[in-house]
1. List the chymotrypsin sites (Phe, Trp or Tyr not before Pro) in segment 46-131 that DSSP assigns to loop (not H, G, I, E or B) and whose Cβ has at most 12 other Cβ atoms within 10 Å. Which are they?
2. Place a point 7 Å from Cα of L99 in the direction of its Cβ. Which residues in segment 32-68 have their backbone N less than 17 Å from it?
3. Any idea of the accessible area per residue across the chain, 1.4 Å probe, to the nearest Å²?
4. Thinking of the chain as a set of Cα atoms, what percent of all their pairs are more than 28 Å apart?
5. Simple spin-label model, 7 Å along Cα-to-Cβ: L130 to T3 in nm?
6. For the chain, with the dipole built from +1 on Lys and Arg beta-carbon atoms and -1 on Asp and Glu ones, taken about the Cα centre, which of N107, I4, V80 lies farthest toward the positive end?
7. With the crude spin-label approximation of a point 7 Å out along Cα→Cβ, what separation in nm comes out for K12 versus C106?
8. How much length, in nm to one decimal, is gained on full extension between F67 and Y85, taken as 0.36 nm per residue of separation minus their Cα-Cα distance?
Amino acid sequence: METIKIKYFTDKIDRLAYIDGKSDWIDLRAAEDIDLKKGEFRLIPLGVAMELPKGYEAHIVPRSSTFKNFGIIQTNHQGVVDCSYCGDNDQWFMPVYALRDTHISCNDRICQFRIVENQPKIEFEEVNFLKGADRGGFGSTGKQ
């Protein structure tokens, strides 16, 4: 088991924890009250900074209920925090765009993350033909 150093920027949010038996993703919370108007962009502070182990990164995505509950989308669709973003002031944020007027309260769960090992080094070999069977192009698996 890896140990990761974490700094909290506020005492107003719950400490990070797994939801036992449901997922290995960990919820992140808004670190302050946020009011957004439709069409507004904002970086929402998540109240944490971490020293990830060398060779690891965190992937941050919205929770499945984030759009339904708050009417926001994450503008980069998935945030990636690499292990070099580890300073005392390197607080994590979620960049969002509001599709309706909304209020997010401090401590609301708005996104989730997991820590993954970096992709191994790879080389590309250019070829004229690939030997795999064609699937039929983009969107070829149908609607059902």
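The values are calculated or read from the model by the stated rules, or taken from the named source; none is laboratory data. Keep in mind that what you see is a predicted model, and the values were worked out from it rather than measured. All Cβ positions, glycine included, derive from the backbone under ideal geometry; neighbour counts span all protein chains shown. To get the accessible areas, we keep the full protein, side chains included, count just its heavy atoms, and leave off ligands, DNA and RNA. Shrake-Rupley method; radii C 1.70, N 1.55, O 1.52, S 1.80 Å.
1. Details: sites: Y56, F67, F70, Y85, W92, F93, Y97, F113, F124, F129; in loops: Y85, W92, F124, F129.
Passing both the DSSP loop test and the Cβ count: F124, F129.
2. 36-42, 61-68
3. On the way: 10400 Å² over 144 residues.
Result: 72 Å² of accessible area for each residue.
4. On the way: 3479 of 10296 pairs.
Taking all Cα-Cα pairs of the chain, the fraction more than 28 Å apart is 34 percent.
5. If labels sit at L130 and T3, their model points lie 4.5 nm apart.
6. The residue sitting most towards the positive pole is N107.
7. 0.2
8. Numbers: separation 18, 0.36 × 18 = 6.48 nm, distance 2.73 nm.
Working it through step by step, the gained length comes to 3.8 nm.
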